[in-house]
Amino acid sequence: MSAARRAPATAGKNAASFSKKLEKLGIRSRFDLVLHLPMRYEDETALTAVDRAPPGVPVQVEAGIVRAEVAYRPRRQLVVHAMAGDSALALRFFNFYPSQLKLFERAIAEGKRVRAFGEIRLGRGGAEMTHPRYRIVNPGEPLPEALTPVYPAAAGIAQPMLRSAVLDALKAEPIEDSLPPGMRKRYALQDFAFAVRFLHTPPPGIDPAELIERTHPAWQRVKFDELLAQQLSMRMHYLARRSRSAPLLPGSGPLLKKFLGALPFRLTRAQQRCLAEIAADIAQPHPMQRLLQGDVGSGKTILAALAALAAVDAGWQAAVMAPTEILSEQHFRKFSEWLAPLGVRIVWLHGGLGKKDRRAALEALSTEKVGVVIGTHALFQEGVDFARLALAVVDEQHRFGVQQRLALRKKADGGGIVPHQLMMSATPIPRTLSMSYYADLDVSVIDELPPGRTPVKTRLISNVRRREVLERIREACAAGEQAYWVCPLIEESETLDLQTALDTYAELQAEFTGLEVGLLHGRLPPIDKASVMQAFKENRLQLLVCTTVIEVGVDVPNASLMVIEHAERFGLAQLHQLRGRVGRGHRESDCVLLYASPLSQMARARLKAIYESADGFEIARADLSLRGPGEYLGERQSGAPLLRFADLEKDEPMIAVVREAAGRMLAEFPDEARAHVERWLGSRRDLARV
Ligand code: ADP
Ligand code: MG
């Protein structure tokens, strides 16, 4: 039976509209109501005497109603005069219905009393309350025994309606505990039904801070269950994929051997370790699901190339997907440089391909002639068929949206054989996030940069000193260096965004008459983007004015100076990524963060974090606490609920415990585990999986 139909307040024809309103709050089932937990509480378990009420604190008083009238001074209002003991009290309502006046008149006639909850103030005519919450009661009616919950509500849903709906949901039938008794005991958890009932109707005398801060054991139980559902669902998904078949890529083929023998550089120890982890995965007949994390410039691409080569060696294909065309072109060049000499055929699928070339490329892909294909998300759209896809590499994976992930997954899940997946990300994911939202992936971390890099010097410079910055560019370029000038992204206006870049380009062109200045932005046709990038790479352009299109992955070692204009408008992860575009060669590199004064407190904190640290993980942590997890999840979670009750930072210790509990529950109580996930995630599970 639906929760709405149970609620007495909604009997009859109002039921449907009430349940519609509940749906707006995300409440669709009885369990949703049970989990619609209060934001705060009001204490109506006690009465306060009018003359004892502390100022500024809402209290409850009970009074006999003397007279109710509509007054017109200073403006139209309903005034209810009442006597609480010896004290007179006026209740004032500036917005009221005629029925409210009738209600009070009837109460007077029937000798009933009023309980009003609100702040008492001294007005001209004595003590008064403005817009109190109130109830008409019979004389001697007992006070409630629990604190009164205040729920998150929506327009058209009054608290009393919500309250009675929740109470009904709590009473309707016993609420089962989805955790076996042994587990509850082991993790010292309260009984679930007890915990939720407690949170909806806490007894008086409880420390409200424990409820508000969500540290009370009852809250702990709810948060534990929420995190457990998340962990279980991730783990189940992981195991399900793990049980599928994937191509065996033993990594002992001739191409790989040859390439490893002639590597352009020595892999760092961290790269070697990650490579071994990847190799072990793809040598198994089950799909790899690995996230390769490594700070900007740590050298992830070469590992992707090695994995791709293992696929080709075994007679299969590999696909490399990048979030932008610029990056996909760069990969195409790198892969060609590395793998083409071995006779591997590599195809770049991009928007600039003519119809004929595209058809030829697709044809080649579907007939095994191509070993490696590189492109954007268009790789996994309709019309692209792989003959023997064994490995899908997703670079800068957090950049991809839900739809693109879904397309990739569909492609991957299509036949009986599932390709291995290697996700790569330079946005370091804080530990709490990788333990929760990314728990369905195995993780390798390249925690070391290749040798010979000189750390980038970061400078914070106010816009008023722009002149000095221009001089610095002039000097650098005169000395044979190259520079980026990054224009800010203007939120919600691509046109303005573009305009800024165009204006800056014009300004800098006029300024540096002796230099070749280029312009790169997202609206350029792919073919132009490619040629601008190529010109910059070959040092035919010394200064590149660009928008954040260069943020991910671009690799031009000779560029040693970056100016980021309006740095205060960028996110931390973004600044870190941008800064990673310099410091790739042997020169000392500078990153100048130009900001407009005055800075907001938040902007100041962000710039301070980026100034003080070059470590992506530390910056990620700072960002997480400044801005919440959105930035890191990208679109991973859009459409799926983020955690409602648990807090990744505050509850970090609990996450580790829950992970252990999830493993145990899956092994010992698989049926209960499934039921628990169903209860918490239900239909939302699929989206959480993307
Ligand atoms: P990212 O991890 O940011 O994708 P890249 O794969 O683009 O980094 O590597 C950055 C640069 O470092 C590239 O020019 C790459 O060829 C180079 N590189 C990668 N590994 C090493 C290494 N072990 N020694 C020296 N240079 C390396
Ligand atoms: Mg990269």
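Observations on the structure shown:
- Annotation note: Cβ proximity below 8 Å between a residue of the range 320-334 that is closer than 13 Å to VAL556 by Cβ and not assigned by TED's automatic domain parsing to the domain that holds LYS537 and a residue that is assigned to a helix (DSSP H, G or I) and within 12 Å of ligand 2 (Cβ to nearest atom) (sequence gap 6+ or interchain) occurs for LYS334/THR301; LYS334/ALA305.
- The range 190-221, subset buried (at least 21 other Cβ atoms within 10 Å of the Cβ) and among the aliphatic types (A, V, I, L, M), residue farthest from GLU678 (Cα to Cα): LEU211
- Condition met for VAL137 (in contact (Cβ under 8 Å) with a residue 60 or more places away in the chain and out of contact with any helix residue (DSSP H, G or I) (no Cβ under 7 Å at 6 or more places or on another chain)): yes
- Any helices (runs of 4 or more DSSP H) falling wholly within the range 137-250 and containing at least 2 residues that are at pLDDT below 90: 159-172, 208-212, 217-242
- Scanning the range 334-349 for residues that are crowded, with 18+ Cβ neighbours inside 10 Å and either at pLDDT below 85 or touching a Leu at 6+ places or on another chain (Cβ under 8 Å) (or both) yields LEU339, VAL344, ILE346, VAL347, LEU349.
- GLU62 vs. criteria among the acidic types (Asp, Glu), out of contact with any helix residue (DSSP H, G or I) (no Cβ under 6 Å at 6 or more places or on another chain) and modelled with pLDDT of 90 or more: yes
- Test: residue in the range 483-493 that is out of contact with any helix residue (DSSP H, G or I) (no Cβ under 6 Å at 6 or more places or on another chain), within 13 Å of LEU541 (Cα to Cα) and modelled with pLDDT of 85 or more: yes
- Cross-chain or 6+ apart pairs with Cβ under 8 Å, the range 256-277 first and on the phi < 0 side of the Ramachandran plot and in a helix (DSSP H, G or I), then among the β-branched types (Val, Ile, Thr) and surrounded by 16 or more Cβ atoms within 10 Å (Cβ to Cβ): ALA270/VAL445; ALA270/ILE446; GLN271/ILE302; GLN271/ILE446; CYS274/VAL445; CYS274/ILE446
- Close pairs from the range 287-303: first outside the structural domain of ILE550 (by TED's automatic domain parsing) and within 17 Å of VAL554 (Cα to Cα), partner near ligand 2 (Cβ under 9 Å from one of its atoms) and assigned to a helix (DSSP H, G or I), Cβ under 9 Å, at least 6 apart: THR301/GLN330; THR301/HIS331
- Put simply, of ALA501, ALA506, ALA510 the only residue that is closer than 21 Å to GLU325 by Cα and more than 16 Å from ligand 1 (Cβ to nearest atom) is ALA501.
- Flag for LEU449 being in contact (Cβ under 8 Å) with a residue 24 or more places away in the chain, crowded, with 16+ Cβ neighbours inside 10 Å and not basic (Lys, Arg): yes
- Residue in the range 575-583 that is on the phi < 0 side of the Ramachandran plot, within 16 Å of ligand 2 (Cβ to nearest atom), surrounded by 22 or more Cβ atoms within 10 Å (Cβ to Cβ) and small (Gly, Ala, Ser) present: yes
- From the list LEU666, LEU633, the one residue that fits, being crowded, with 17+ Cβ neighbours inside 10 Å, modelled with pLDDT of 90 or more and not assigned by TED's automatic domain parsing to the domain that holds PHE31, is LEU666.
- The residues of the range 441-458 that are away from ligand 1 (no atom under 11 Å from the Cβ) and within 26 Å of ILE278 (Cα to Cα), listed by number, are LEU441, ASP442, VAL443, SER444, VAL445, ASP447.
- Qualifying positions in the range 288-343 - assigned to a helix (DSSP H, G or I) and basic (Lys, Arg): ARG333, LYS334
Yes/no matrix, rows are residues, columns are (1) modelled with pLDDT of 90 or more; (2) in a helix (DSSP H, G or I); (3) more than 16 Å from ligand 2 (Cβ to nearest atom):
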site: THR427; (1), (2), (3): no, no, no
site: THR432; (1), (2), (3): no, yes, yes
site: TYR438; (1), (2), (3): no, no, yes
site: LEU460; (1), (2), (3): yes, no, yes
site: VAL464; (1), (2), (3): yes, yes, yes
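The values are calculated or read from the model by the stated rules, or taken from the named source; none is laboratory data. Values in this document were obtained by computation on a predicted structure and should not be read as measured data. A quick note on method: Cβ atoms are made from the backbone with ideal geometry, for glycine too, and the neighbour counts reach across all protein chains shown.
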